[in-house]
Amino acid sequence: MDIKKVSVIGSGTMGNGIAHVFALKGFKTNLIDTDKIFLDKALAKITKNLDRQVKKEIITVEDKNNALGNITLIESVENIDRESDLVIEAVFEEKSVKLEIFKKLDDHVKSECIFASNTSSISITEIAHGIRPDKFIGMHFMNPVPVMKLVEVIRGYSTSDETFSVISDLSEALGKVPVEVHDYPGFISNRILMPMINEAVYTLYEGVASAEDIDTVMKLGMNHPMGPLTLADFIGLDVCLAIMNVLYDGFSDSKYRACPLLKKMVAAGKLGRKTGEGFFKYE
């Protein structure tokens, strides 16, 4: 299957990043959300990030203009282009919301269209159940999408070899490195990363060291580019908690129990960079 037209559902950080990458590589890209305000904000963010790439001489001004010309903003999934070859859902980590979106989409696009979710932890098999499961797959991009090379390509229980092959080849065409992953809670990246972050939160909770010193140990001792608490703030503590809950529920193993401090901070609205305060404070 030749992918030419892509529709991205959700214009937040991940959605606008995914749209940015596809449009820059020449794909006709629909960016879809519930409100024009969100879409305008996303387009402004994409433009700003393209300008940054021009300044760094990664792309030309012509590349930027062509990319922006490839993007169409659409309000509501009901108005999606029926001829979309690929739909990528990139909304927040809530299974019921994702299911509702894909159930609507199933009647609004052609039968050949592949469905993909950018979920970072939720079962592809569960989302795909009853909704063209052979043409359903996970495409877990990393943040920031225009910079990070990895795409976890997650096979649901019924994902066909053809669908996997198309999406793996497409990921390479985007300049990404696809890694085949089978459908287990947290996949690879978050099954390993989130327990490490959660353990870092526990060391802070138990008074082992300050947040700054915990991050320093991991940066200087383990050569991590960013400390785990800084990384948690970057990801969003609410997202970290949601993924830990998926791991805990999926494996029924106490080692995935979220730290009480993480739960308390989320309840207090201290979610990291996006709220101006998490384990650290931000201007």
inquiry  = On the basis of being assigned to a helix (DSSP H, G or I) and out of contact with any helix residue (DSSP H, G or I) (no Cβ under 7 Å at 6 or more places or on another chain), does I167 make the cut?
reply    = yes
Among (1) over 29 Å from A44 (Cα atoms); (2) at pLDDT 95 or above; (3) not hydroxyl-bearing (S, T, Y), A90 falls short only on (1)
If you go through L247, L237, the only one that is touching a Phe, Trp or Tyr at 6+ places or on another chain (Cβ under 7 Å) and either free of Cβ contacts under 8 Å to residues at least 40 places away in the same chain or closer than 21 Å to A90 by Cα (or both) is L247
Screening V266, V246 for residues that are farther than 18 Å from T13 by Cα and touching a Leu at 6+ places or on another chain (Cβ under 7 Å) leaves only V266
For this session: Output yes when any residue across segment 16-25 is closer than 16 Å to I80 by Cα and not aromatic (F, W, Y), and no when none is.
Result: yes
Over segment 97-124, the set of residues buried (at least 17 other Cβ atoms within 10 Å of the Cβ), out of contact with any Leu (no Cβ under 9 Å at 6 or more places or on another chain) and either hydroxyl-bearing (S, T, Y) or within 17 Å of I188 (Cβ to Cβ) (or both) is S117, N118, T119, S120, I122, S123, I124
For segment 130-183 the number of residues that are hydrophobic (A, V, I, L, M, F, W, C) and either under 25 Å from K110 (Cα atoms) or in contact with a Cys (Cβ under 8 Å, 6 or more places away or on another chain) (or both) is 13
Condition set of a type in the set (D, E, K, R) and more than 18 Å from L271 (Cα to Cα), scope segment 208-240, selection surrounded by the most Cβ atoms within 10 Å (Cβ to Cβ): answer is K219
If you go through V54, V87, V97, V109, the only one that is assigned by TED's automatic domain parsing to the domain that holds A173 and touching a Phe, Trp or Tyr at 6+ places or on another chain (Cβ under 6 Å) is V87
key: Any hit, segment 80-87, residues being on the phi > 0 side of the Ramachandran plot and over 18 Å from the mean Cα position of the chain (by Cα)   = no
Scanning segment 140-164 for residues that are in a strand (DSSP E or B) and either of a type in the set (V, I, T) or more than 13 Å from A116 (Cβ to Cβ) (or both) gives L150, V151, V153, I154
Here the residues within segment 5-64 that are touching a strand residue (DSSP E or B) at 6+ places or on another chain (Cβ under 9 Å) and of a type in the set (S, T, Y) are S7, S11, T29, T34
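Which fully enclosed strands (runs of 3 or more DSSP E) of segment 1-116 have 3 or more residues being without any contact (Cβ under 8 Å) to a residue 60 or more places away in the chain?
Where strands (runs of 3 or more DSSP E) fall fully within segment 1-116 and carry at least 3 residues being without any contact (Cβ under 8 Å) to a residue 60 or more places away in the chain, they are 28-33, 71-75.
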The condition of being of a type in the set (V, I, T), at pLDDT below 95 and either touching a Phe, Trp or Tyr at 6+ places or on another chain (Cβ under 9 Å) or part of a helix (DSSP H, G or I) (or both) holds, among I131, I137, only for I131
Regarding S76, is this residue of a type in the set (S, T, N, Q), over 22 Å from V166 (Cα atoms) and either at pLDDT below 95 or not assigned by TED's automatic domain parsing to the domain that holds L237 (or both)? yes
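The values are calculated or read from the model by the stated rules, or taken from the named source; none is laboratory data. On a predicted model such as this, the values are computed, not experimentally measured, just so you know. Cβ sites come from the backbone with ideal geometry, for glycine too, and all protein chains shown count toward neighbours.
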